[in-house]
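Okay, structure first, notes after.
The values are calculated or read from the model by the stated rules, or taken from the named source; none is laboratory data. Predicted, not measured: the structure shown is a model, and the values here were computed from it. Glycine gets a Cβ as well: all are built from the backbone with ideal geometry, and neighbour counts include every protein chain shown.
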Amino acid sequence: MREAVPMGDMVGASIELDVTNIAHGGISVARLDGRVIFVTDAIPGERVLARIVDDNKKSFWRADTLAIIDASPHRRDHVWSAASVERDPADRAGGAEFGHIELAHQRELKRQVIADSLSRMAGIQSAVTVEAVGDDDERGGIGWRTRVRLHVDESGRPGPFAARSHRVIPVSDLPLATPELAAIAPLDQLFAGEEHVDVLSPSIGGPRLIIGNQKTSVITETVGFRKFRLADRGFWQVHRDAPATLTAAVQDAIDPDRFDTGAANLDLYGGVGLLAAAVGDRFGSATRITSVESDATATDFASTNLAEWIGARAETGRVERWIAALDASAGTHERSRLAAATIILDPPRSGAGRAVVDALVAALDASAGTHERSRLAAATIILDPPRSGAGRAIVDALGRLAPAQVVYVACDPVAFARDAELMHHAGFELARVRAYDLFPHTHHVEAVGTFIRT
């Protein structure tokens with residue numbers, strides 16, 4: 001038996017590895033003398049020649065694939081030559097770490113990551129599948145990105161970062177970008193003194209460049225018949241079909257039997273109002289929903305984008321603070337309304353009397369606060385947190401507010417699974433989940449889950 005290799009002695013060594021399974025983050029798993037090796041640019045089932053790049057962890061090391069010894073039947077020529085295994089790992093462009101895998105098998109690997117994360121972290125067994133979006137299959141999974149950031153090196157050359165690095169890699173093409181965006185991408189120009197160049201292709205107005213920190217302008221995106229205004233630097237879904245896909249997904253994820261148009265419905269991390277609009281479009285213009293977003297500029301646009309729904313409003317605030325304040329104040333709102341109220345009392349000639357007045361005061365006192373809590377208890381909450389997930393503080397507050405259902409839009413399967421476990425302890429169960437391949441040729445995947453109060 002080979003002796004265990006001490007840490008710190010293997011960096012730079014080339015070894016053969018048998019790849020066994022997939023891990024989150026677009027990396028595969030192999031083992032060397034019982035130690036886990038996370039290896040890039042490999043596919044489970046392959047034997048590869050890899051170079052150790054990090055051996056400082058007791059529990060695992062990291063390696064980069066140098067060559068394929070026994071290839072998976074799911075391997076294909078990389079869709080982006082700049083990221084191909086034929087290049088030295090240090091010179092491979094980042095952002096297409098699954099580009100060497102057949103599209104259908106990419107989705108299977110993403111499915112495995114979602115199912116494994118839910119099982120390990122939340123004890124949930126899921127038969128989720130990862131669904132194709134739009135005509136991605138016909139396009140071979142390319143031509144979908146409507147936004148690309150090119151970083152600029154010291155000489156002024158633009159390009160993507162190398163994988164897991166801040167080193168700029170000059171490239172000659174952007175196959176994941178839409179044709180309109182790719183046509184104007186300034187890959188052969190110099191931008192001395194700038195840090196980055198953003199290239200975007202909005203629904204209306206044609207593609208454009210945003211060089212460095214130039215002044216923000218307003219763009220318009222369309223989703224079906226609806227238009228959304230936003231800042232050109234503001235957040236918008238990257239895949240050309242993602243806004244429509246997530247609109248339909250959220251509408252489908254809401255249990256109509258648990259939805260109340262007059263409840264205190266919320267869209268947390270609401271951005272410019274895309275998902276709040278999805279709710280309003282499904283349940284009508286009188287739907288009451290509040291969008292909460294920390295970016296004040298996005299909130300201003302959300303107010304405009306949601307103006308036609310008489311029950312909709314947008315508020316600026318960090319979600320964790322806003323929801324904590326709501327949790328703390330639920331009940332005080334109704335008391336404040338009573339404090340400002342005028343009560344008409346028209347008793348008979350004998351007057352109301354102490355007993356009647358005392359009873360009225362007692363009844364109002366007992367009911368104050370229950371109205372607001374009941375509206376929250378009937379609420380549907382859309383939760384679309386950043387990649388890090390919602391976290392314990394927000395989930396615990398949701399547990400105390402006890403809404404009827406939470407529709408969780410997740411861009412990270414591990415964070416989603418971690419929050420699913422927290423949701424269980426907060427009194428919710430995952431009723432259903434669907435997943436969408438909004439990022440072909442990358443490891444990223446979007447999931448939409450419905451949690452109902454138990």
* So, of the residues in the range 181-205 that are within 26 Å of the chain's Cα centre (by Cα) and not aliphatic (A, V, I, L, M), which turns out to be surrounded by the fewest Cβ atoms within 10 Å (Cβ to Cβ)? -> Glu195
* Could you give every pair whose Cβ atoms fall below 9 Å, whose first residue belongs to the range 17-30 and is at positive phi and assigned by TED's automatic domain parsing to the domain that holds Asp64, and whose second residue is among the aromatic types (Phe, Trp, Tyr) and surrounded by 22 or more Cβ atoms within 10 Å (Cβ to Cβ), counting only separations of at least 6 or pairs across chains? -> Gly26/Phe98
* **Which listed residue is of a type in the set (Val, Ile, Thr), crowded, with 18+ Cβ neighbours inside 10 Å and closer than 28 Å to Asp137 by Cβ, from Thr222, Thr245** => Thr245
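Test Leu174 against the stated conditions and say whether it is outside any strand (DSSP E or B), on the phi < 0 side of the Ramachandran plot, buried (at least 19 other Cβ atoms within 10 Å of the Cβ) and not assigned by TED's automatic domain parsing to the domain that holds Pro202. Don't jump to the end; show me each part of the working.
On the way: outside any strand (DSSP E or B): yes; on the phi < 0 side of the Ramachandran plot: yes; buried (at least 19 other Cβ atoms within 10 Å of the Cβ): yes; not assigned by TED's automatic domain parsing to the domain that holds Pro202: no.
When the stated conditions are applied, Leu174 does not pass them.
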* Please name all residue pairs, on different chains or six or more residues apart, with Cβ atoms under 6 Å, provided the first residue is in the range 263-276 and is of a type outside the set (A, V, I, L, M) and the second residue is assigned to a loop (DSSP other than H, G, I, E, B). => Asn265/Arg288; Asn265/Ala379; Tyr269/Asp384; Tyr269/Pro385; Gly271/Phe235; Gly273/Leu306
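Can you tell me which residue is surrounded by the most Cβ atoms within 10 Å (Cβ to Cβ) among those in the range 81-101 that are small (Gly, Ala, Ser) and not in a loop (DSSP other than H, G, I, E, B)? Before you say what the answer is, go through the steps one by one.
Restricting attention to the range 81-101, the residues satisfying the condition of being small (Gly, Ala, Ser) are 81-84, 90, 93-96, 99.
Narrowing further to those that are not in a loop (DSSP other than H, G, I, E, B): 81-83, 90, 93.
Details: Ser81: 15, Ala82: 23, Ala83: 27, Ala90: 12, Ala93: 22.
Among them, the one singled out is Ala83.
Might you check whether a residue that is out of contact with any Pro (no Cβ under 6 Å at 6 or more places or on another chain), surrounded by fewer than 19 Cβ atoms within 10 Å (Cβ to Cβ) and of a type outside the set (Val, Ile, Thr) occurs anywhere in the range 261-271? Steps first, please.
Filtering the range 261-271 down to residues out of contact with any Pro (no Cβ under 6 Å at 6 or more places or on another chain) leaves 261-268, 270-271.
Keeping just the survivors that are surrounded by fewer than 19 Cβ atoms within 10 Å (Cβ to Cβ) gives 261-262.
Next cut, of a type outside the set (Val, Ile, Thr) only: 262.
Yes, that holds for at least one residue.
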* Please work out if Thr450 is β-branched (Val, Ile, Thr), surrounded by fewer than 24 Cβ atoms within 10 Å (Cβ to Cβ) and not in a strand (DSSP E or B). => no
* Out of His78, His74, which single residue is buried (at least 19 other Cβ atoms within 10 Å of the Cβ) and free of Cβ contacts under 8 Å to residues at least 40 places away in the same chain? -> His78
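So, Gly280, is that one surrounded by fewer than 21 Cβ atoms within 10 Å (Cβ to Cβ), modelled with pLDDT of 95 or more and small (Gly, Ala, Ser) or not?
Working: surrounded by fewer than 21 Cβ atoms within 10 Å (Cβ to Cβ): no; modelled with pLDDT of 95 or more: yes; small (Gly, Ala, Ser): yes.
The answer is no for Gly280.
Collect the residues in the range 421-442 that are surrounded by 16 or more Cβ atoms within 10 Å (Cβ to Cβ) and of a type in the set (Gly, Ala, Ser), keeping them in residue-number order. So that I can check it myself, show each step before the final result.
Of the range 421-442, the ones surrounded by 16 or more Cβ atoms within 10 Å (Cβ to Cβ) are 421-424, 426, 428, 430, 433-442.
Within the range 421-442, Ala426, Ala435 qualify.
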* Looking only at the range 283-309, and only at residues there that are of a type outside the set (A, V, I, L, M), buried (at least 23 other Cβ atoms within 10 Å of the Cβ) and in contact with a strand residue (DSSP E or B) (Cβ under 6 Å, 6 or more places away or on another chain), the one that is farthest from Asp267 (Cα to Cα) -> Asn305
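I'd like the full set of residues that are in contact (Cβ under 8 Å) with a residue 60 or more places away in the chain and not acidic (Asp, Glu), limited to the range 154-173.
Step one: filter the range 154-173 for residues in contact (Cβ under 8 Å) with a residue 60 or more places away in the chain, giving 159-165, 167, 169, 171-173.
Listed by number, the residues that qualify are Gly159, Pro160, Phe161, Ala162, Ala163, Arg164, Ser165, Arg167, Ile169, Val171, Ser172.
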* Structure fact -> How many residues of the range 377-415 are among the small types (Gly, Ala, Ser), farther than 16 Å from Leu118 by Cα and surrounded by fewer than 23 Cβ atoms within 10 Å (Cβ to Cβ)? The answer is 7
